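The block underneath contains the structure these notes are about, expressed in structure tokens.
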């Protein structure tokens, strides 16, 4: 499938990406490198908003499995995403790019509350908007938050930067013969339970016709290559993508 060039995108980053080579936490060098790639995309003319996960600091589902109350654990995970968002904001603004963090959990002394019309206006003014604290509700992942914000912002595509270079029919870290898809439909992802994003996020993108582009953000320079249509990635889209 030939990739169309989007204008407005939502970039979803897993929190683990910000760890760099560490076992947990935020690696400033890695944050600066990723912020540099986002800044370059902005300078290339893309309108960008972002959602960053919190798994490098705290993962609510894992904590719940060890005895934490699930609701409390999820709120803790949301707060971790705010820390990551502020780290990325700091890096971007040191590079000269105006950035706003909007949190689904109001904390006015730290960042703006999430207000859709204000977020749209920020993007129209050329600012990068980072959405934090997920949807503001427990039991929903940052993947779902990314799909929701992409729909609300009228994004042309959702780019998921992760540690693998696309969608596979099995876990490539465990199965050496796993096949990578160039493109795959929303329906196949849901029916085959392919590990792209959680089901609610995929369904939300399907309903709003927002393609998901999965690529490896750990590879330096890959965001620019994927945005130009040259990098290795998997496109998740409507039924026409597999026939293209």
Relative contact order (percent) for the chain, with alpha-carbon contacts under 8 angstrom and 6 or more residues of separation?
22
Antiparallel DSSP beta bridges within the chain, percent to nearest 5
15
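Shape of segment 1-118 from its Cα gyration tensor (a ≥ b ≥ c, root eigenvalues): rounded if a/c is under 1.5, otherwise prolate when a/b > b/c, or oblate? Could you put the intermediate results ahead of the total?
Details: a/c = 1.70, a/b = 1.50, b/c = 1.13.
Cα axes put segment 1-118 in the prolate bin.
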Mind ordering 138-146, 126-134 by average Cβ neighbours within 10 Å, highest first?
126-134, 138-146
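Hey, could you grab the Kirkwood Rh for segment 53-127? Inverse mean 1/r over distinct alpha carbon pairs, Å, one decimal. Walk me through the numbers on the way to the answer.
Working: mean 1/r = 0.0735 Å⁻¹.
Radius from the Kirkwood sum: 13.6 Å.
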Full-extension gain between residue 239 and residue 32, please, as 0.36 nm times their residue separation minus the C-alpha to C-alpha distance.
70.7 nm
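With viscosity set to 1.567 mPa s and temperature to 4 °C, compute the Stokes-Einstein D of segment 8-243, Rh being the Kirkwood radius across alpha carbon pairs; µm²/s, no decimals. Please report the intermediate quantities before stating the final value.
Details: Rh = 17.8 Å.
For these conditions, the coefficient is 73 µm²/s.
Ranked highest first by the average count of other Cβ atoms within 10 Å around their residues, in what order do 21-27, 85-91 fall?
Details: 21-27: 12.0, 85-91: 21.4.
The packing order, highest mean first, is 85-91, 21-27.
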Which distance in Å, rounded to a whole number, links the C-alpha centroids of segment 102-118 and segment 170-232?
29
Between residue 90 and residue 169, the two model label points (7 Å from Cα along the beta-carbon direction) sit apart by a distance in nm of 4.6
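Bear in mind that the values in this text are calculations on the coordinates, not laboratory data. Keep in mind that this is a model prediction, so the values were computed, not measured. Cβ atoms come from the backbone with ideal geometry, glycine included; neighbour counts cover every protein chain shown.
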